[in-house]
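As structure tokens, the structure follows; a few thoughts come after it.
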Amino acid sequence: MSYDTDLKLFIDGAWQSGEGRDLFPVVNPATAQTIAEVPLATEADLDAALAAAERAYPLWRATDVEKRSAILKKAGALLKERAESIGRLLTQEQGKPFAEAKSEVLGAAQMFDWYAEEIKRDYGRVLVRPTGSRSIVVHQPVGVVATFTPWNFPIYLLAKKVAAALAAGCSVISKPPEETPGCTGAVAKALDDAGLPKGVFQLVHGVPDMVSRHLIGSPIVRKVSFTGSVPVGKHLMKIAADGVKRLTLELGGHAPVLIFDDCDLEKTLDMVVPQKFRNAGQVCVSPTRFYVQDGIYDRFVQGFADRTDKVVMGNGMDDATRMGPLANARRPDAIDSLVRDAEAKGARILSGGQRGNDGFFFQPTLLADVPLEADIMSNEPFGPVAVARPFKDFDEAIEQANRLPFGLAAFAFTENGRRANLLGDAIEAGMIGINSFAISGADTPFGGVKDSGFGSEGGKEGLETYQVVKAIHQA
Ligand code: NAD
């Protein structure tokens, strides 16, 4: 299959090619072959992007909400229309099965559609007090925004940030991941084709540390939104502190899944196994630490292993594939070292446990009886590995779920309604799915607590993160 797109930067409404710029190889993770090269932004490019965003901001902010909304809706419609071709780029660049890639593009389209509607209903407030004094509370866009997004959901996560920021009236400079430049370029193309005025949105690929220091260090940028790892999030927070920049940080998790003995076991297994291996486990809310009540532990791990053995691993463009390769050459190394460490410390490998032959593959894997001292019990694998341990009662399950410094997503399976309520209260996480994995969507706030970051994306809360609140008091 040919890789059919031009890789360029998008600055001030113009597409910039590789001439005079360093190039970065784009690698198909299913074959480990280089399929293209993406130009990397220079400091002059970043300055041009900053100047364009600064010029465009007052004009976009003053643009009538109906017009803003219509442009975002059109961009969403174009993404939907182009979902097949963009999905093919995504699979070739990132590896996920084509059906997952196409559904990611449709999810991104929905983000534009949803925020195009939401901004129409974003009103301020008037406080009229018994004494007659009044205060008007208004929402205003925060200003120029810089976004940094990762390679696991390169289109969806970009759309989540950009749709909300543009709806709010901000201009935006986005640095997508270099691994997946074609599919993110398609988002810029959709916005351009939808009639977004020049300078309102720029897309700059580049060396991550250079780009983030340059953009976050600029007084022009007033808000930073990052999705990625905890160490990088902490690093960006320090840079942003100098300019007192507003931040949204969506960092890693290590999602616990509590399986109680009153759950519908077969139904639960049918749900959890495909969810674990979606996007080869490279999902910040991927279900990973399975704590299973002791009476059903053996049956659960056996059922999990049987289903895992049947997950077809292969090139994401093959119809039969249910799990593709990992996104880059770093990932199989990282997973292998976590699995070997757990094995050496006494974990049993019930399924998988090995790398694939070509490309960046690692088999779908289940580790049982994993000791707490194993690195994988504390470090998010961000790959196709599930770990299982038994627990006795509710209190022990909660203690295990909350034992790490992360708190992004958590899941629990039980048919007991009272227990479900207690779980919702007791688990320290930004999102909790009970008998459900449907925790993310355009209308739902998504975000973590503790080291998993702060700020929400999605829902009306996602719009608010690109706004400042001003109170105007009248006597
Ligand atoms: P990494 O920490 O090097 O990079 C993670 C992401 O941050 C990448 O998209 C990268 O381009 C970006 N990045 C790195 N340094 C940056 C900087 N100085 N400024 C701005 N952006 C920067 O790790 P990696 O090897 O690409 O991925 C490994 C880990 O990252 C995983 O184990 C996982 O925990 C985390 N991760 C999390 C998410 C998420 O959705 N929360 C997504 C991707 C990766």
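Observations on the model:
- Look at (1) in contact (Cβ under 8 Å) with a residue 60 or more places away in the chain; (2) more than 16 Å from the chain's Cα centre (by Cα) and you find that Phe454 fails only one, number (2).
- Looking only at residues in segment 382-424 that are more than 25 Å from the chain's Cα centre (by Cα) and of a type in the set (Lys, Arg), the one that is nearest to Ile434 (Cα to Cα) is Arg419.
- The set of residues from segment 8-42 being farther than 20 Å from Lys198 by Cα and charged (D, E, K, R) comprises Glu19, Arg21, Asp22, Glu37.
- Looking across segment 238-269 at every residue that is assigned to a helix (DSSP H, G or I) and within 13 Å of the ligand (Cβ to nearest atom), the one that is surrounded by the fewest Cβ atoms within 10 Å (Cβ to Cβ) is identified as Lys238.
- Filtering segment 8-33 to residues that are assigned to a loop (DSSP other than H, G, I, E, B) and surrounded by fewer than 21 Cβ atoms within 10 Å (Cβ to Cβ) leaves Lys8, Asp12, Gly13, Ser17, Gly18, Glu19, Gly20, Arg21, Asp22, Thr31, Ala32.
- Among the residues of segment 338-355, those that are part of a helix (DSSP H, G or I) and in contact with an Asp or Glu (Cβ under 8 Å, 6 or more places away or on another chain) comprise Leu338, Asp341, Ala342.
- Here Ala48, Ala41, Ala109, Ala36 are screened, and the one residue that is of a type in the set (A, V, I, L, M), under 16 Å from Val162 (Cα atoms) and surrounded by 16 or more Cβ atoms within 10 Å (Cβ to Cβ) is Ala109.
- Subset of segment 366-391 (residues that are more than 16 Å from the ligand (Cβ to nearest atom) and not hydrophobic (A, V, I, L, M, F, W, C)): Asp369, Pro371, Glu373, Arg389, Pro390
- 2 or more residues within 18 Å of the chain's Cα centre (by Cα) and within 9 Å of the ligand (Cβ to nearest atom): qualifying strands (runs of 3 or more DSSP E) within segment 123-237: 221-227
- Of the candidates Ala75, Ala70, Ala101, Ala48, the single residue that is under 27 Å from Met210 (Cα atoms) and either assigned by TED's automatic domain parsing to the domain that holds Leu191 or within 19 Å of the chain's Cα centre (by Cα) (or both) is Ala48.
- Of Glu37, Glu43, all but one fail to be closer than 25 Å to Phe148 by Cα and free of Cβ contacts under 8 Å to residues at least 60 places away in the same chain; the exception is Glu37.
- Among the residues of segment 270-291, the ones that are of a type outside the set (Gly, Ala, Ser) and not in a helix (DSSP H, G or I) come to 9 in all.
- Count of segment 156-195 residues, restricted to those that are buried (at least 23 other Cβ atoms within 10 Å of the Cβ), under 28 Å from Val138 (Cβ atoms) and not hydroxyl-bearing (Ser, Thr, Tyr), is 15.
- Residue check, Thr321 farther than 26 Å from Ala420 by Cβ, part of a loop (DSSP other than H, G, I, E, B) and not basic (Lys, Arg): yes
- Top-ranked residue of segment 404-425 - restricted to ones that are touching a strand residue (DSSP E or B) at 6+ places or on another chain (Cβ under 7 Å) and without any contact (Cβ under 8 Å) to a residue 40 or more places away in the chain, ranked as nearest to the ligand (Cβ to nearest atom): Gly424
- Boolean, Ala334 is small (Gly, Ala, Ser), within 16 Å of the ligand (Cβ to nearest atom) and in a helix (DSSP H, G or I): yes
- Enumeration of residues in segment 378-393 that are of a type outside the set (Gly, Ala, Ser) and farther than 20 Å from Ala280 by Cβ: Arg389, Pro390, Phe391, Lys392, Asp393
- Within segment 270-304, the set of residues being away from the ligand (no atom under 16 Å from the Cβ), surrounded by fewer than 21 Cβ atoms within 10 Å (Cβ to Cβ) and closer than 15 Å to Ala386 by Cβ comprises Asp270, Met271, Pro274, Tyr297, Gln302, Gly303.
The values are calculated or read from the model by the stated rules, or taken from the named source; none is laboratory data. For clarity, every value in this text was computed on a predicted model and none was experimentally measured. Glycine also receives a Cβ, built like all others from the backbone with ideal geometry; neighbour counts cover every protein chain displayed.
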